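**Q** Sharing a structure below in structure tokens format, with a few things to ask.
The values are calculated or read from the model by the stated rules, or taken from the named source; none is laboratory data. In this text, all values refer to a predicted model and were calculated from it rather than measured experimentally. Cβ placement follows ideal geometry from the backbone for every residue including glycine, while neighbour counts extend to all protein chains displayed. These accessible areas exclude ligands, DNA and RNA; they are computed on the full protein's heavy atoms, side chains included. Shrake-Rupley method; radii C 1.70, N 1.55, O 1.52, S 1.80 Å.
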Amino acid sequence: VGVVGLGTGSIAAYGGPTRHITFFDVDPQVVTIATTFFTFVRRCGDNCNIIIGDGRLSIQAQPDHEFDMLVLDAFNSDSIPSHLVSREAVRMYMTKLKPGGILLFHVSNRYLDVEKLASIVASDEGLPAFVRNDDDEEPFGKSTSDYVAAVRNKEDFAAIRNPDDWDPVVRPTDIKSW
């Protein structure tokens, strides 16, 4: 699994002997925070590694067909790295996925409609895409979260747990992909 955006490193909790996670983050201070104040990455041990650099360029440098899943988790602030969700970027990500691989956008954002942007790009690239809006805020303190998953073939989506919680993307008509 490749993940753009380290944050606290919570996705490292999914690492293990059969699941290696490579994080890509542009900010070395985020790495320091994640490894000093949180334990996810430390507990993951050799099953996780971190590459410091621009996520898109760092993924581009990886071998083709390297990942079962790419997670783009860098869209939660008021200034999104738009180069990560361009048509050119999505084409490149798809070359880095193994057959049956999944491109997952974590599109939760209080300021911008990143879901539409990821949806239009996936639609315009001819990729079957699905959206999940988790609006449950229980237990107390839990935030909502929204995702868009894109695959090469609709059948590839069968690997997603609880597929009934996902809806097919409806191509937005009020924006254009770039």
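**Q** When Ala13 is evaluated against the numbered criteria (1) over 25 Å from Arg152 (Cβ atoms); (2) open to solvent by 20 Å² or more (accessible area, probe 1.4 Å); (3) touching a strand residue (DSSP E or B) at 6+ places or on another chain (Cβ under 7 Å); (4) hydrophobic (A, V, I, L, M, F, W, C), which criterion, by number, is the only one it fails?
**A** Exception for Ala13: condition (3).
**Q** Going by the structure shown, is Ile102 in contact (Cβ under 8 Å) with a residue 24 or more places away in the chain and either open to solvent by 30 Å² or more (accessible area, probe 1.4 Å) or not in a strand (DSSP E or B) (or both)? Full working, then the answer.
**A** On the way: in contact (Cβ under 8 Å) with a residue 24 or more places away in the chain: yes; either open to solvent by 30 Å² or more (accessible area, probe 1.4 Å) or not in a strand (DSSP E or B) (or both): no.
Here the answer is no, as Ile102 does not meet what is asked.
**Q** With the requirement that a residue be in contact (Cβ under 8 Å) with a residue 24 or more places away in the chain and either outside any helix (DSSP H, G or I) or under 17 Å from Arg152 (Cα atoms) (or both), what does region 49-61 give you? Steps first, answer last, please.
**A** Step one: of region 49-61, the residues in contact (Cβ under 8 Å) with a residue 24 or more places away in the chain are 49-56, 58-60.
Residues satisfying the conditions are Asn49, Ile50, Ile51, Ile52, Gly53, Asp54.
**Q** So, one more: Keeping to region 114-154, report how many residues are modelled with pLDDT of 85 or more and assigned to a loop (DSSP other than H, G, I, E, B).
**A** 6
**Q** Something else now. Val41: buried (at least 19 other Cβ atoms within 10 Å of the Cβ) and in a helix (DSSP H, G or I), yes or no? Write out each step before concluding.
**A** Working: buried (at least 19 other Cβ atoms within 10 Å of the Cβ): yes; in a helix (DSSP H, G or I): yes.
Yes: the conditions hold for Val41.
**Q** Next question. Kindly list, by first and then second residue, each pair from a residue in region 8-26 that is free of Cβ contacts under 8 Å to residues at least 24 places away in the same chain to a residue that is among the hydrophobic types (A, V, I, L, M, F, W, C), limited to pairs with Cβ atoms under 9 Å and residues at least 6 apart or on different chains.
**A** Correct list of pairs: Tyr14/Val1; Tyr14/Ile21; Tyr14/Cys44.
**Q** Please go through region 119-134 and give me each residue that is aliphatic (A, V, I, L, M) and without any contact (Cβ under 8 Å) to a residue 40 or more places away in the chain, ordered by number.
**A** Initially, region 119-134 is screened for residues aliphatic (A, V, I, L, M), giving 120-122, 127, 129, 131.
Correct list: Leu127, Val131.
**Q** Now a separate question. Pairs, please: C-beta under 9 Å, at least 6 apart or cross-chain, first residue without any contact (Cβ under 8 Å) to a residue 60 or more places away in the chain and closer than 18 Å to Leu70 by Cβ and in region 144-158, second open to solvent by less than 60 Å² (accessible area, probe 1.4 Å) and of a type in the set (S, T, N, Q)?
**A** Between residues of region 144-158 that are without any contact (Cβ under 8 Å) to a residue 60 or more places away in the chain and closer than 18 Å to Leu70 by Cβ and residues that are open to solvent by less than 60 Å² (accessible area, probe 1.4 Å) and of a type in the set (S, T, N, Q), the close pairs are Ser145/Ser108; Asp146/Ser108; Asp146/Asn109; Tyr147/Ser108; Val148/Ser119.
Residues checked against (1) at pLDDT 95 or above; (2) assigned to a helix (DSSP H, G or I); (3) in contact with a strand residue (DSSP E or B) (Cβ under 6 Å, 6 or more places away or on another chain); (4) open to solvent by 80 Å² or more (accessible area, probe 1.4 Å):
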site	(1), (2), (3), (4)
Pro63	yes, no, no, no
Val71	yes, no, yes, no
Phe75	no, no, no, no
Val90	yes, yes, no, no
Tyr93	yes, yes, yes, no
